[in-house]
Amino acid sequence: MILRARQGADTTGVAMKTIIEPFKIKSVEPIHFTTREEREAVLRKGFYNLFMIRAEDVLIDLLTDSGTAAMSAAQWAGMMQGDESYAGARSFYRFEAKVRELTGMKNIIPTHQGRAAEKILFSLVGGPGKIVPNNSHFDTTRANVEFTGAEAVDLPTAEGRDPDLIADFKGNMDTAGLEEFFRRAPKGSVPLCMMTVTNNSGGGQPVSMQNIRETRDICRREGVPLFLDACRFAENAYFIKKREREYATTPVKAIVQEMFSLVDGVTMSAKKDAIVNMGGFLALQDDELAARARNLLIMTEGFPTYGGLAGRDLEAIAQGLDEVLDEHYLQYRLRSVEYLGERLVKEGVPIMQPPGGHAIYLNAKKFLPHIPPHEFPGQSLSVALFLEGGIRSAEIGSVMFGKTDASGTFVPARMELVRLAMPRRVYTQSHIDYVFEVVADCFAHRETLKGYRVVEEPPMLRHFTAKFAPIT
Ligand SMILES: *Cc1c(COP(=O)(O)O)cnc(C)c1O
């Protein structure tokens, strides 16, 4: 009875008390148990950086929800049906029809993953003097905007910036802030406005339909196209159904179609809500922009009917885009994350509130108040979760975003978080119970955890390869 729904009413049409995994398992992959001594050795060898250890040594891998999903039997069957013709493959047309059905976009351009779509888009519309607003740029989106010499501006709401506040749509765009932004931006400097659903950098928090509509109205007045960074569009749509009253009885698919009907273009990482291990797309209403995008695509990704993907990948994406709209699936997915959050909160463990769609974020600053930011409380906690229970998480704090300024002073990140991201359809409730127990164990002996220092780091994106040592 543990995954019981928060609100009694069940909208999926099945009278059910426990929300169960809406699948049975046909193919299994063993996970690897290790002893504490073995994990100690793994950590030492990997310099206490969880990006530098072997996945084989991990018991439960919550590093990311990107590209880590389990495909369905129908997706694997689709892989065998893949048409690998260079041009005009049947698999492309199936993929194109599905993406068009959901997004309503005229031009559908496959790419090998989300950032490739971003790279093409911003190569065309970015450049020095340009400014791109977004509720919150994901890191690859920001990097692709800035790489062209343009500026990336985040406009989250005040609610969205408060990690303890419980509110329905903390991923929203600050629309008053956006209007102010347009008043100040030089004429012609804003090539497009983006909205990220769900708001990944903001904790996987959803964006309301009303907020997308208001943002669309502002953009229309300004004559600026609106784009969705749509990686978790289905999770966002299910949040809309649950939390935005007028959509309570609308099918998720119709909500998705309405979301996309409000925008002029889409970038998508299929590694998220298309439930595949690799893939993405760029979708555009503007024919002229699409023609230029296809020219770039041919240089970097491939011919426009495969764009860096095999025909079988396009089949799996088309199938995944159908499956992700299954409301039993979405209910189970969001409830799994919420359930872990609820148990942690009951135990007194500080988390970012409320639980988002794809991850729980532990608040390491509150979890380990005795470890100052320059000794990386998030790193300490993520190492402890691995040592204690073989769980891999991601530090999202001063290792990732902290800086040393020109005067040599350490500038910490705004928040010290540890993300437990949930791969799609991979783990069951007992895995989640186990994760809870390991976090609770670490919380019980939190005073004994120590900080870390950096012993070696690269000039950029240090979280991937930096080497650490415990402070003793
Ligand atoms: C993952 C992600 C991307 C980039 O997609 P990749 O497939 O990893 O290149 C862009 N935006 C958001 C919000 C994402 O979560």
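The values are calculated or read from the model by the stated rules, or taken from the named source; none is laboratory data. Note that the structure is predicted; figures quoted are calculated from it, not measured. Heads up, the Cβs are rebuilt from the backbone with ideal geometry, glycines too, and the neighbour counts pull from every protein chain shown. We work out accessible area using only protein heavy atoms, side chains counted, and drop any ligands, DNA or RNA first. Shrake-Rupley method; radii C 1.70, N 1.55, O 1.52, S 1.80 Å.
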Quick check: is even one residue across region 107-127 touching a Gly at 6+ places or on another chain (Cβ under 8 Å) and more than 16 Å from the ligand (Cβ to nearest atom)? yes
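Yes/no matrix, rows are residues, columns are (1) more than 22 Å from Lys271 (Cβ to Cβ); (2) part of a helix (DSSP H, G or I); (3) open to solvent by 10 Å² or more (accessible area, probe 1.4 Å):
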| position | (1), (2), (3) |
| --- | --- |
| Glu214 | yes, yes, yes |
| Cys219 | yes, yes, no |
| Phe227 | no, no, no |
| Tyr238 | no, yes, no |
| Thr250 | yes, no, yes |
| Lys253 | no, yes, yes |
Looking at region 151-161 only, could you name the residues that are open to solvent by 50 Å² or more (accessible area, probe 1.4 Å) and either within 19 Å of the chain's Cα centre (by Cα) or under 13 Å from Ile212 (Cα atoms) (or both)? Asp154, Arg161
For Ala444, all conditions in the list (1) within 30 Å of Phe233 (Cα to Cα); (2) modelled with pLDDT of 95 or more; (3) surrounded by fewer than 17 Cβ atoms within 10 Å (Cβ to Cβ) hold save one; what is the number of the exception? (1)
Filter region 275-292 for residues that are closer than 26 Å to Leu124 by Cα and within 16 Å of the ligand (Cβ to nearest atom); the one that is farthest from the chain's Cα centre (by Cα) is Ala283
Considering residues of region 192-202 that are in a loop (DSSP other than H, G, I, E, B) and within 12 Å of the ligand (Cβ to nearest atom) only, the residue surrounded by the fewest Cβ atoms within 10 Å (Cβ to Cβ): Ser201
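Residues are listed down the side, and each one gets a yes or a no for (1) within 16 Å of the ligand (Cβ to nearest atom); (2) within 21 Å of Asp286 (Cβ to Cβ); (3) touching a Phe, Trp or Tyr at 6+ places or on another chain (Cβ under 7 Å):
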| residue | (1), (2), (3) |
| --- | --- |
| Pro206 | yes, no, yes |
| Arg216 | no, yes, no |
| Arg221 | no, yes, no |
| Glu244 | no, no, no |
| Val252 | no, no, yes |
Within region 100-136, how many residues turn out to be assigned to a helix (DSSP H, G or I) and farther than 25 Å from Ser201 by Cα? 2
Can you find, within region 380-413, the residue that is farthest from Gly357 (Cα to Cα) among those that are within 24 Å of the chain's Cα centre (by Cα) and free of Cβ contacts under 8 Å to residues at least 40 places away in the same chain? Lys403
